[in-house]
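Working notes for the structure below.
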Amino acid sequence: MTVAQTVELEGHIIDSGTMGNCFGVVMEMGGEFEVEAFEVGRHKHDETYCRMTVLAETESDLRAILHELNQQGATVADPRDARLETAPADQVVPVDFYSTTNHPTAVRIDGQWVEVENIEMDCALVVEGIESEADDGPRVSTKVLNAVEEGDLVVTGESGIRVDPPERPRDGGSSFGFMQGGVSSERPSASLIEEIADEMREVNESDGTVLAVCGPAIVHSGGRDALADLVRAGYIGALSAGNGFAVHDLERDLYGTSLGVDTESLEHPRKGHKHHIYTISEIVRAGGIAEAVADGIVDEGVMYECIENDVPYVLAGSVRDDGPLPNTITDSIEAQNAIREQAQEADMVLMLSTLLHSVAVGNCLPSTTKTVCVDINPATVTQLLDRGSAQAIGMVTDIGTFIPMLRDELLESTP
């Protein structure tokens, strides 16, 4: 081993698995490590400190190892300021740009640690105000690559960057603790739903926002009315969905069907398979969802409650969409930005039976945002967790069972 760098770990790094993960990263990537100092926290709230030297055969190998260690929360000992390079053109970042995690992050500038604003995974870090005479000093924020502009100061390399992954709660009493989510059994847990309801009450009482990410299966499986009740009661503060969810929610109101099937009798009315396109036509004729509500064309359902209760929503389009509805954002970059704004403002997120939309929103969320993912398909829940949303609780169950149970817990139970 010809090159080396000393790094430090601090916090509850033993019981959260951080220290073991860091040791494993070094060995798996062909490096070696030597522990120079190790001070174990001996009481419940004491932190543990570890200082180790990482060795690798080449500079490129060492940089790769340090990058992975940084993602785990390790920082370079005796850190220097972060290295900044100018973006050479619009949407072009320096070759060695730092790619973010979704964990709280700070960047060292002029000897001071500056917290990153609007943290999000897979972005560049851009520094502003470094030569400003303003009292607030420099600012660091995330930018997706297509938003980077020529001349932006972009953070590169691994030095001067500190990542703070969430740790396991010391009281052990929350289902939302770091890496405690996992995937529950196939039947919904009453106790887990009770905890989710408690979290939603807490967010509601503190004037926070619960974002619901909704798939069409909510309507198909009979969970629509329960979700509408939660919107009306103020427990859902924002909604993100695709064109399909809104269309089938409106179809259920106009024709009593979803995907052409009567959700009460499960019968297939004549021409029921055309109800969704008829629905789109009626909403377009009215001028939009809000106009259809104002005209009395739509008088119930989730979208109706969003309009009546001023709950903001984002409908993102796809190449599969029929129509689409006038309110659907068909430009993918514009839709991403709208979803990103929702995600950054959310205090809690419910991802309800939609794989692609859940992953899209999950990519925009900080790791500190409490997240619940519910789907009948275990792959949906697992993929979300594997993508980096380690803070998520996963439930493998029928969404048509979960939402009514959650509604009953929130609206019929005494806190």
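Quick look at the values:
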item: Distance between modelled label sites at Asp322 and Arg63, nm, 7 Å Cα→Cβ extension; result: 5.2
item: Distance between modelled label sites at Val3 and Arg83, nm, 7 Å Cα→Cβ extension; result: 0.9
item: Within segment 39-75, backbone nitrogen closer than 19 Å to the virtual label 7 Å beyond the Cα of Glu32 toward Cβ; result: 51-66
item: Segment 190-411 - percent relative contact order, Cα under 8 Å, separation 6 or more; result: 25
item: Sequence ranges 206-217, 335-346, ranked by mean other-Cβ count within 10 angstrom, highest first; result: 206-217, 335-346
item: Derived scalar couplings ³J(HN,Hα) [segment 38-50; Karplus, 6.51 cos²θ - 1.76 cosθ + 1.60; whole Hz; x for Gly, Pro]; result: 8, 10, 8, x, 9, 10, 3, 9, 6, 9, 9, 10, 9
item: Cα convex hull of segment 1-77 - mean projected area over all directions, nm²; result: 4.5
item: 10 Å-binned pair-distance histogram of segment 79-165 (Cα, whole percent); result: 19, 55, 25, 1
item: Estimated [θ] at 222 nm from DSSP helical runs (n ≥ 4, -39500 (n - 2.57)) normalised by residues in the chain, nearest 500; result: -10000 deg cm²/dmol
item: Pairwise Cα inverse-distance average, inverted: Kirkwood Rh of the chain (Å); result: 23.4
item: Peptides 224-234, 153-163 ordered by average Cβ neighbours within 10 Å, highest first; result: 153-163, 224-234
item: Computed over segment 190-411, Cα set: Rg, Dmax in Å; result: 16.4, 49
item: Value of relative contact order over the chain, rounded to a whole percent, pairs C-alpha under 8 Å and six or more apart; result: 15
item: Folded to 0 to 90 degrees: helix 332-345 orientation relative to the chain principal axis, Cα; result: 80
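Computed from the coordinates by the stated procedures, all read-outs in this text should not be read as laboratory data. Quick caveat, the model's predicted, so the values are computed rather than measured. Neighbour counts run over all protein chains shown; Cβ positions are idealised from the backbone, glycine included.
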